[in-house]
1. For n ≥ 4 DSSP H runs only, could you compute -39500 (n - 2.57) per run for the chain, divide by its residues and tell me the 222 nm figure to the nearest 500?
2. Given Cβ point charges of +1 (Lys, Arg) and -1 (Asp, Glu) and nothing else, what value in debye, to the nearest 20, does the dipole of the chain about its Cα centre take?
3. Looking at the chain only, what percent of DSSP beta bridges run antiparallel? Nearest 5 please.
4. Quick check on region 45-164: what does the Kirkwood estimate of hydrodynamic radius come out to from the alpha carbon pairs, in Å?
5. Suppose the Debye formula is applied to equal point scatterers at every Cα of region 1-88; what is log10 I(q)/I(0) at q = 0.14, 0.19 Å⁻¹?
6. So for each of 95-108, 148-161, 77-90, 129-142 I average, over its residues, the number of other beta carbons within 10 Å; can you give me the resulting order with the highest mean first?
7. Which values of log₁₀ I(q)/I(0), to two decimal places, follow from the Debye formula for the chain at q = 0.11, 0.13, 0.17 Å⁻¹ with a uniform point scatterer at every Cα?
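Readers should treat all values here as calculations from the given coordinates under stated rules, not as data from a laboratory. Everything numeric here is computed off the predicted structure, so don't read it as measured data. Reconstructed Cβ throughout: ideal geometry from the backbone, glycine too, with neighbour counts over all protein chains shown.
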Amino acid sequence: MTAPLPRFDRALFACDLHLGRDGWTEDHAAFTAFVDDVPGDGRGLFLLGDIFEYWVGPEDVRRPAFVPVLAALGRAADRGVPIAFLPGNRDFLLGGEIERVCRIRVAQGAIAVRLGAFATFLCHGDRFCLRDRGYQRMTGIVRSPTARGLWFLLPARIRIRIAGRLRSHSAGTVGIKTTRILEPVWVEIVRVFSAGYDVVISGHIHRGSERTADIAGRSCRFLSVGPWPEYLLFDEGRFIPGRAAPSESR
């Protein structure tokens, strides 16, 4: 880390909503209300992936179940909320179309920010789950430039059908995996601390948790953001778990 990091004294983090494509639900409404309530006072909003159940391509910006959610992100950006979207394993095909429609930043992989005094590494979190070898192999294949290029040559209806089948297969395999396989590998997180970061924040694990470590005399902290409606607030030096209020469908 040589360049100065963008600094935030307040920030919000959310992930793992898995908003469905085929209908408006309580989660769609609650998340839209949550985004609409973020004030334009300089606090950042960081979406750590898997906001959508799956994303098949640019045409999804017109998906009726997604349009109000994207509109809320655009309204937040217009009132000055800095927003960064880090795609997860379900919405990794999302890209420039969201930047254009919502006027937010899409960052593949990870980003670095300064939360108050803390140099902070933000990511979806699947990069740390190295015991899930089948998942890691599949990820390396489907996220390759070749696979992405071939994917977008397919008609939208075929992409939707394939994505739905992959999601069904994924749901079936998660149920038979042990907790240990799905846990992050701590030594990989320590590598990030050793690169100079004080804090690592991720999603993907579907459990809000915190773990600390002493790295070369520095007190470092790993925070996993729980799945929606859980979220994480950083407010002037403190990390505060929260839970979004329900909202009537809009």
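1. Details: 8 runs with 79 residues, N = 250.
Calculated at 222 nm, the ellipticity per residue is -9000 deg cm²/dmol.
2. Details: 34 positive and 27 negative charges, 173 e Å.
So the magnitude is around 840 debye.
3. Working: 23 of 43 bridges.
Here the share of antiparallel DSSP bridges comes out near 55 percent.
4. Working: mean 1/r = 0.0644 Å⁻¹.
The answer is 15.5 Å.
5. With one equal scatterer per Cα and no solvent, log10 I(q)/I(0) is -0.51, -0.88.
6. Values: 95-108: 16.6, 148-161: 12.5, 77-90: 19.3, 129-142: 14.1.
Descending packing order for the listed peptides: 77-90, 95-108, 129-142, 148-161.
7. -0.58, -0.83, -1.43
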